[in-house]
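The values are calculated or read from the model by the stated rules, or taken from the named source; none is laboratory data. Remember, it's a predicted structure, so these values are computed and weren't measured experimentally. A quick note on method: Cβ atoms are made from the backbone with ideal geometry, for glycine too, and the neighbour counts reach across all protein chains shown. Accessible surface is based on the protein model in full, side chains and every heavy atom, while ligands, DNA and RNA are left aside. Shrake-Rupley method; radii C 1.70, N 1.55, O 1.52, S 1.80 Å.
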Amino acid sequence: MNLTVRRARPADGDIVSKLLYQVASIHHDGRPDIFKPASKKYTQNEFEELICMKDFAILVAEDENEKVHGYAFCKVKCFETSVVQPYKSLYIDDICVDSESRGKHVGTILFEEVKKLAVELDCDNIELNVWEFNESAMAFYEKMGMTTQRRFMELKLK
């Protein structure tokens with residue numbers, strides 16, 4: 001499969017919506033106590049607003065027939081506190097490869113473009129959150145060179 005990565009357009013809304021449902025389903029299956037069934041992270045209107053935001057980028061991977069096989073939602077975040085050195089991060093808010101396209105290096109191609117974007121934006125690093133149940137995602141991110149920076153822990157009471 002020959003893929004190119006480009007910025008998302010409003011016309012990509014339907015396929016991105018389908019992929020958002022796929023991601024939400026994975027999360028619901030892994031933690032139904034937290035994630036709602038048959039949901040998605042962004043509405044069509046929110047998707048269209050994000051496309052226009054200066055500090056947000058939505059990348060899509062498409063084939064030669066213009067079929068979208070995956071996306072990456074990325075946000076620039078700047079940090080500095082009284083105890084944290086200033087740094088600029090490209091935060092991967094959401095990333096998905098269509099279930100029919102997994103195992104075909106779509107994620108790798110998207111991730112490489114995210115890295116290029118982070119360099120273009122003069123970011124110090126790339127960050128993301130991944131749920132502990134999502135072992136395949138953790139393995140993928142480690143394969144891409146990511147390491148654990150910190151842990152977000154819980155004590156379940158119910």
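Per-structure values
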read-out: Every pair of residues 6+ apart whose Cβ atoms lie under 7 Å, when the first sits in the stretch 1-23 and is more than 13 Å from Tyr42 (Cβ to Cβ) while the second is among the hydroxyl-bearing types (Ser, Thr, Tyr); value: Gln22/Ser99
read-out: Residue count for the stretch 26-36, restricted to those that are outside any loop (DSSP other than H, G, I, E, B), touching a residue at least 12 places away in the same chain (Cβ under 8 Å) and open to solvent by 40 Å² or more (accessible area, probe 1.4 Å); value: 1
